[in-house]
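The values are calculated or read from the model by the stated rules, or taken from the named source; none is laboratory data. Since the model is a prediction, treat every value here as computed from it, not as a measurement. Using ideal geometry, Cβ is built from the backbone for each residue, glycine included, and neighbour counts are taken over all protein chains shown.
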Amino acid sequence: MVNSTLILVWLIPLFPLIGFLLNGIFGKRLGDKAVGIIGSGAMLFSFVVSGYLLLNYLALNQVGAEFHSTLFSWISVADLQLSVSFQVDSLSLMMAVMVTGVAFLIHVYSIGYMHGDGGFARFFSYMNLFSFMMLVLVLSDNYILMFLGWEGVGLCSYLLIGFWYEDDKNASAGNKAFIVNRIGDFGFLLGALLLFVTFGSFQYSEIFSQLDRFSVGDGTITAITLLLFVGAMGKSAQLPLYVWLPDAMAGPTPVSALIHAATMVTAGVYMVARSSFLYVLAPTSMTVIAVVGVATALFAALIALTQNDIKKVLAYSTISQLGYMFLALGVGAFSAGMFHLLTHAFFKGLMFLAAGSVMHALANEQDMRFMGGLRKKIPKTFITFLIGALAISGIPGLSGFFSKDELLWQAYSSPAGGFWFWLVGAVTAGLTAFYIFRLIFLTFYGEARWKPETHAHESPNKMTLPLIILAFLSVVGGYIGVPALLGGDNRIHYYLEANLAKLPVDAAAHQSHSLEFILMGISVLIAIAAIYLAYVFYVKRRELPELAAAKFKRAYNLSFNKFYVDELYDYLFVKRLITISKWLWNKFDVRVLDGMANGAGKLITVTGWYVRTVQSGLVSGYALSLFIGSLLMIGYYFFR
Amino acid sequence: MTPPLEYYLWFAALLFVIGVAGVLLRRNVIIVFMSIELMLNAVNVTFIAFSRQMNNIDGQIFVFFVMTLAAAEVAVGLAIIVAMFRNKESINIEDMNLLKW
């Protein structure tokens, strides 16, 4: 890639930054229309530039090539030389194109969705700032610049969750997200610092070039990778740090779609994939990731089964799908994880936007018990939502099928994988199909349960057009990764793998094709059966859900109350923290700290009280002490 | 035939002690001031005596400085005393005790 093309890289994050500054500073004066055009225009320019770069990169036909573009020196202290520089390779370009593309569509959608909101300009400036930070995160060529983006997207997430901050509930949801993320970020930072101590650099390429001197299972590498994974757990909402994501749905729906489904929450997946060369040296960390991932996938899917809030179902679904991605990373199938990340961005972004469109139609109703029968009222939303649901269920021909199937096959066949990973993954796939079609049937089928005076109407074109484009991508997005088994050439893996690490032994080659077919068939059958089951439960025999809930009351309550994890954390951490804080305030602060400060003052006062009696005001007294003093001094020198 | 150095020194010491006693014991501010002059002059006598003994003019130059200083001090001091007297109708040193806790 020639320099003149490469220099365009810095334009990608520059456009959203300009958009942020313009909307942030002049937003009120520009008017809503101009703000919307600037906000989404910035993303469009960014998207065009990243697309152009991607085409150039592919045209090079140099698999695994990576380019660096240094903007300026950032920090220069002793051994630490840091510059703001970007790395261009298949991984970062894929992320950049995905982020800018999805962000552009969601910005356009937001023009319609946020229409008439008092904070219109504020919303768009935050969204642009988010896009800027996310692009810095994915394009960075070192861990510290990545950390800057990492914290930046966290900040924007906080700002946008609490966007309607007049409601106390939203503000505290923002706080929760930020605080839980901080726990993870602490791990990330420790990992990055340990990297510097070990390798003397923060730059990916410099670190990875030194890996020869480490053997597989090295203790330091294991520690680094585990610490980095703690960061990923927080950002990508994995067990046990996932609790913030469902609450994050308090933000506007486009925010949920962009930040809490398509882009920011996948930063952890991207980071682990980016560090894949480290992870392959730490089998322990890989196992931890796979187990955490598959456990999260199952756990979140179980909760999603019984939730009534349409956005909460999608939030738990996101957590579950992120678990899938980590399962893929954990078994060493980094490119499969990235592929699922890409398709998930399409169909989950689509479903969130469609859910926003449903809420738009029903005057911001979020409870599915008060929906129903919307199929005819909002047909465009219905069809696009249905496509997203089919994609996430893994119905053949749609993007979700290719990525999920690839992922499950890797979970089974990879040297680090195994039958149990596959089984839990397949069961989760069934649960996924069930809860997502429960959502579809409750929302769009059956009788209308919304208030009769609500005027249910289709959303404007600004909102439906992004839905249609994303639906199109959800269908065709998978064809860049058609597995060899189905006659494809799996192009995305071909490119991505060249920039990612591989596990030492490639056992997948030894697995038979027939087995892959059988497993694929089983997971498709499970999905179809689950959809049929949802149909029976929520359309044909409406009394069944209540019967089942009554019969398995304990299990139902566990799922409905999200396994009481929030209550558990509240009891274990929040209450303890408050108790300790109160003790520190009442005892330590009041007695020890205030005591020290007040004591110092008191000491001076008391000393002064005694010392001041010297100032008697009697001139002869002073003269006498002067005289005695002189005598003593002279006497000292005289008799020394 | 000049008297030996010790005589001058004894004389100066005596003058000085009288000055100190005056400063410490008397209550009249004017007397106290005069006692201070006495102490300064005792030092002057010592300077002159040593200057003569050692054939060095420096001591005599120093005496002029001391006399200038004494003059300045008296000028300021008497001004304070006048101001004080206008306020308090007294030149007793024990009445000048405003600067205390």
Check your understanding: So, in segment A:105-147, of the ones that are closer than 21 Å to A:Val49 by Cα and not in a helix (DSSP H, G or I), which residue ends up farthest from the chain's Cα centre (by Cα)?
Key -> A:Asp141
Exercise for review: Within segment A:607-616, identify whether any single residue is surrounded by 10 or more Cβ atoms within 10 Å (Cβ to Cβ) and either closer than 30 Å to A:Val180 by Cα or away from chain B (no Cβ under 14 Å) (or both), and answer yes or no.
Suggested key: no
Review point. Quick check, is B:Ile31 assigned to a helix (DSSP H, G or I) and within 14 Å of chain A (Cβ to nearest Cβ)?
Key: yes
Review point. Is one or more of the residues making up segment A:197-214 of a type in the set (Val, Ile, Thr) and crowded, with 19+ Cβ neighbours inside 10 Å?
Key: yes
Revision key, fill the gap. The condition of being away from chain A (no Cβ under 14 Å), surrounded by 14 or more Cβ atoms within 10 Å (Cβ to Cβ) and assigned to a helix (DSSP H, G or I) holds, among B:Gly22, B:Gly77, B:Gly59, only for B:Gly59
Check your understanding: Can you name the number of the only condition in (1) among the aliphatic types (A, V, I, L, M); (2) in contact with a helix residue (DSSP H, G or I) (Cβ under 6 Å, 6 or more places away or on another chain); (3) closer than 19 Å to B:Ala71 by Cβ that B:Met34 fails?
Key -> (2)
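What are the residues in segment A:347-381 that are in a loop (DSSP other than H, G, I, E, B) and out of contact with any helix residue (DSSP H, G or I) (no Cβ under 6 Å at 6 or more places or on another chain), if any?
A:Leu362, A:Ala363, A:Asn364, A:Glu365, A:Gly372, A:Gly373, A:Lys376, A:Lys377
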Point to revise | Residue in segment A:622-639 that is assigned to a loop (DSSP other than H, G, I, E, B) and either surrounded by 10 or more Cβ atoms within 10 Å (Cβ to Cβ) or within 14 Å of chain B (Cβ to nearest Cβ) (or both) present | key: no
Practice item. Would you check which residues across segment B:1-19 are away from every other protein chain (no Cβ under 14 Å) and not in a loop (DSSP other than H, G, I, E, B) and list them? Key: B:Leu5, B:Glu6, B:Tyr7, B:Tyr8, B:Leu9, B:Trp10, B:Phe11, B:Ala12, B:Leu14, B:Leu15
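Condition check ((1) under 26 Å from the mean Cα position of the chain (by Cα); (2) loosely packed, with under 11 Cβ neighbours inside 10 Å; (3) assigned to a helix (DSSP H, G or I)) across all residues:
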{"residue": "A:Val524", "(1), (2), (3)": "no, no, yes"}
{"residue": "A:Ala529", "(1), (2), (3)": "no, no, yes"}
{"residue": "A:Tyr535", "(1), (2), (3)": "no, no, yes"}
{"residue": "A:Val539", "(1), (2), (3)": "no, no, yes"}
{"residue": "A:Ala550", "(1), (2), (3)": "no, yes, yes"}
{"residue": "A:Tyr556", "(1), (2), (3)": "no, no, yes"}
{"residue": "A:Ser559", "(1), (2), (3)": "yes, no, yes"}
{"residue": "A:Asp566", "(1), (2), (3)": "yes, no, yes"}
{"residue": "A:Ile578", "(1), (2), (3)": "no, no, yes"}
Review point. Does at least one position in segment B:43-52 carry a residue that is within 17 Å of B:Ala13 (Cα to Cα), within 14 Å of chain A (Cβ to nearest Cβ) and within 13 Å of the chain's Cα centre (by Cα)?
Key: yes
Review point. Of these, A:Leu135, A:Leu139, A:Leu194, A:Leu160, which one is modelled with pLDDT of 90 or more, hydrophobic (A, V, I, L, M, F, W, C) and surrounded by fewer than 23 Cβ atoms within 10 Å (Cβ to Cβ)?
Key: A:Leu194
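Look at A:Val574 and say whether it is under 42 Å from the mean Cα position of the chain (by Cα) and away from every other protein chain (no Cβ under 14 Å).
Considered against the rule, which asks whether it is under 42 Å from the mean Cα position of the chain (by Cα) and away from every other protein chain (no Cβ under 14 Å), A:Val574 comes out as yes.
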Study note, to complete from the structure: The condition from (1) within 14 Å of another protein chain (Cβ to nearest Cβ); (2) modelled with pLDDT of 90 or more that A:Val619 misses is numbered (2)
Review point. Among the residues of segment A:1-47, which ones are exposed (fewer than 15 other Cβ atoms within 10 Å of the Cβ) and outside any helix (DSSP H, G or I)?
Key: A:Val2, A:Gly31
Revision key, fill the gap. Taking segment A:482-518 and keeping residues closer than 22 Å to A:Pro396 by Cβ, buried (at least 19 other Cβ atoms within 10 Å of the Cβ) and at pLDDT 80 or above leaves A:Ile492, A:His493, A:Glu516
Study note, to complete from the structure: Checked against (1) crowded, with 17+ Cβ neighbours inside 10 Å; (2) modelled with pLDDT under 90, A:Phe86 satisfies every condition except (2)
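Could you tell me whether segment A:256-275 includes any residue that is over 16 Å from the mean Cα position of the chain (by Cα), more than 23 Å from A:Leu572 (Cβ to Cβ) and among the charged types (D, E, K, R)?
no
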Point to revise | Selection count, segment B:80-98, where residues are within 14 Å of chain A (Cβ to nearest Cβ) and assigned to a helix (DSSP H, G or I) | key: 7
Study note, to complete from the structure: Scanning segment A:443-457 for residues that are in contact with a helix residue (DSSP H, G or I) (Cβ under 9 Å, 6 or more places away or on another chain) and surrounded by fewer than 22 Cβ atoms within 10 Å (Cβ to Cβ) gives A:Tyr445, A:Gly446, A:Arg449, A:Trp450, A:Lys451, A:Thr454, A:His455, A:Ala456, A:His457
Check your understanding: Can we say A:Gly200 is outside the structural domain of A:Ala501 (by TED's automatic domain parsing), within 30 Å of A:Leu577 (Cβ to Cβ) and not β-branched (Val, Ile, Thr)?
Key -> no
